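A short write-up of the structure that comes next.
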Amino acid sequence: QVQLVESGGGLVQAGGSLRLSCVVSGRLGTINGMGWYRQRPGKQRESVAALTMDGRTSYVDFAKGRFTISRDNAKNTVFLDMNSLKPEDTAVYYCYVVLDFNGYWGQGTEVTVSS
C-alpha cells in the first residue's frame, strides 16, 4: 500500500503564503515523478506544478513566479510553497506521485484565500 498525506492547508488572507507538504509512505518503489494539482470550487482538477526525480520543475502559468515545488528525498516529502496568494487560488490541493509508473493521489488539503 502507498499512502500520500497532505498537510499545510488553511485560511490565509490575500497576499499571504502557505507551505503544503505531502508525505509518501508505504511500499515504495521507484518514484518517477511528483506533482501538485488543485480543484477549485465548481471546476475540474488542474495541474499546478511538477517535479521530476532529476530535479526538473514545471509550472502552469498561474503558478509561475508565485509557487515553488520542492522535495526532501530523505523524508519522501514533496512541498509546494505558495506566495502572493489570491482569492482565485482557493481550492483543494492534491499531491500526486508516480511510483513504478503507477499514479497515486493524496486526499487533498483545503486552501482558502480571503480577499
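The values are calculated or read from the model by the stated rules, or taken from the named source; none is laboratory data. Since the model is a prediction, treat every value here as computed from it, not as a measurement. Glycine also receives a Cβ, built like all others from the backbone with ideal geometry; neighbour counts cover every protein chain displayed. Side chains are part of the model used for accessible areas, which takes the heavy atoms of the whole protein and leaves out ligands, DNA and RNA. Shrake-Rupley method; radii C 1.70, N 1.55, O 1.52, S 1.80 Å.
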Pairs where the first residue, in the range 49-62, is of a type in the set (Ser, Thr, Tyr) and the second is in a loop (DSSP other than H, G, I, E, B) and open to solvent by 40 Å² or more (accessible area, probe 1.4 Å), C-beta under 9 Å, 6+ apart: TYR59/GLY65
Residue check, TYR93 of a type outside the set (Val, Ile, Thr), farther than 21 Å from SER114 by Cα and either surrounded by 14 or more Cβ atoms within 10 Å (Cβ to Cβ) or touching a Gly at 6+ places or on another chain (Cβ under 8 Å) (or both): no
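Considering only the range 96-115, state which residues are assigned to a loop (DSSP other than H, G, I, E, B) and either open to solvent by less than 40 Å² (accessible area, probe 1.4 Å) or on the phi > 0 side of the Ramachandran plot (or both).
If we filter the range 96-115 for residues that are assigned to a loop (DSSP other than H, G, I, E, B), which is where we start, we get 100-101, 106-108, 115.
Scanning the range 96-115 gives ASP100, PHE101, GLY106, GLY108.
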Selection count, the range 62-81, where residues are outside any strand (DSSP E or B), modelled with pLDDT of 95 or more and either surrounded by fewer than 17 Cβ atoms within 10 Å (Cβ to Cβ) or not hydrophobic (A, V, I, L, M, F, W, C) (or both): 4
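Could you please let me know if SER47 is polar (S, T, N, Q) and surrounded by 16 or more Cβ atoms within 10 Å (Cβ to Cβ)? Write out each step before concluding.
On the way: polar (S, T, N, Q): yes; surrounded by 16 or more Cβ atoms within 10 Å (Cβ to Cβ): no.
It is false that SER47 is polar (S, T, N, Q) and surrounded by 16 or more Cβ atoms within 10 Å (Cβ to Cβ).
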